[in-house]
Amino acid sequence: METSEREELASLLTVLPPVDFCCVYGSTLHPNNQDKNLKMNSDHYASWMVHLGGARLITQVADKVGVGVHFNPFVSWNDRKLKYGVVRMNDLVQDILDWNRFYLSGRLQKPVHLLVDNLDIQEDVNSVNKRAAVSAALLLLPSKFTEEDLYAKICSLSYMGDLRMLFAEDTNKVNKIVKGQFDLFQSMYKPLLEECETKNLLRFSSAETNLVQDSSLSSSRSLVSSLPASVRSQMRKLLGEKKILSETGRVSREVCIGSREEAAKCMEKVMKRRVMVSSARQAVSGFLAAGAINATVYLSQKMRKAWNSRS
């Protein structure tokens, strides 16, 4: 993002209460391969998330009905149309670390532009989120795959089970995001891939499918152990658990894994349900908070874009 554009976008924050963290994202800032000339104007919406330490802007609807995020979808600012959201900082951190709602954490697994990060969320807390995303993606991928395949799988995690994908999202959304932002994905995840290589979980190859992973049961267990605690807890309920006694006498509970395929299917089932519930709750919350007219207008625009992608 150019300095002038960054300053212009950041100017919105001057009329809002102080923020601890703010990132901006969307196709207007990260054009896909088919939208290289797309400009942010009155016909395109930049997607915002503003994360506050306090709760002054959080509505009861967002808390009780939605997933803790209140979005304002039609905000005019300097001849632009913006959508920005507000969430408590502790809700953001909890979702990043534990994927309890897998809403904000899924967004931060993709490239964003940071405007404010007073608490080093991106470098510190979100590194846990990205590492877990790599583990989840590897579990779902075959033994040989490309770097683009990996980023597409990471990107798709937050869309598995999303009700909007049935009627209100571009069916090619994941591929467009990855192809248009490949370099950004690479800068985000290449260090983590090198980390996986040192652990012998995968290796780089000179072949066209330039990544090869260890698909053994022990490797699968290692990947599952890197998933957030709430995901592993649900997997234990479905697959069973076993207790492991460490040398220090500490007892830990691990997911019983009979095969890699079993673990992958179980994790996918857990994530699909989690995303489905969150997307449904957020849709209802948005309808109630934004009002019927605004919500209908916003949904119709999303549906028009989705149907255009199908034609």
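The values are calculated or read from the model by the stated rules, or taken from the named source; none is laboratory data. These numbers come from a predicted model, not from an experiment. With ideal geometry, Cβ positions are generated from the backbone for all residues, glycine too; neighbour counts draw on all protein chains shown. For accessibility, only protein heavy atoms count, side chains too; no ligands or nucleic acids. Shrake-Rupley method; radii C 1.70, N 1.55, O 1.52, S 1.80 Å.
For the residue pair Phe182 and Thr3, what label-to-label distance in nm results when each label sits 7 Å from Cα along the Cα-to-beta-carbon direction?
A separation of 3.1 nm, rounded to one decimal place.
Label 7 Å along Cα→Cβ of Lys199; the range 209-247 residues with amide nitrogen under 15 Å?
So the set is 213-229, 232.
Between Ser215 and Ser11, what FRET efficiency comes out of the Förster formula 1/(1 + (r/R0)^6) with R0 = 35 Å and r the beta carbon distance, rounded to 0.05?
Result of the calculation: an efficiency of 0.10.
For Glu123, what accessible area in Å² do you get when you roll a 1.4 Å probe over the heavy atoms of the protein chains, rounding to the nearest 10?
Rounded to the nearest 10, that gives 150 Å².
Write out the chymotrypsin sites (Phe, Trp or Tyr not before Pro) in the range 184-277 meeting two conditions: DSSP loop, and at most 12 other Cβ atoms within 10 Å of their Cβ.
Passing sites in the range 184-277 do not exist.
Too long at a 18 Å Cα-Cα cut-off: which of Lys153/Lys176; Lys179/Lys199; Lys190/Lys272? Could you put the intermediate results ahead of the total?
Details: Lys153/Lys176 13 Å; Lys179/Lys199 28 Å; Lys190/Lys272 26 Å.
Checking Cα-Cα distances, Lys179/Lys199; Lys190/Lys272 exceed 18 Å.
For the pairs Lys144/Lys243; Lys173/Lys243; Lys130/Lys265, note any where the Cα-Cα span goes beyond 30 Å.
Pairs exceeding the cut-off: Lys144/Lys243; Lys173/Lys243.
If I model a spin label at Leu192 and Asn172 as a point 7 Å from the Cα along the Cα→Cβ vector, what separation in nanometres do I get?
That separation, rounded to one decimal, is 2.7 nm.
Given a Förster radius of 22 Å and the C-beta distance between Trp77 and Asp120 as r, what FRET efficiency does 1/(1 + (r/R0)^6) yield to the nearest 0.05?
Plugging the Cβ-Cβ distance into 1/(1 + (r/R0)^6) gives 0.20.
Relative to the present Cα-Cα distance, how much length would full extension add between Glu148 and Arg273 at 0.36 nm per residue of separation?
Value of the extension gain: 42.4 nm.
Can you give the FRET efficiency for Ile244 and Asn90, using 1/(1 + (r/R0)^6), R0 = 30 Å, r = Cβ-Cβ distance, to the nearest 0.05?
Efficiency at R0 = 30 Å is approximately 0.45.
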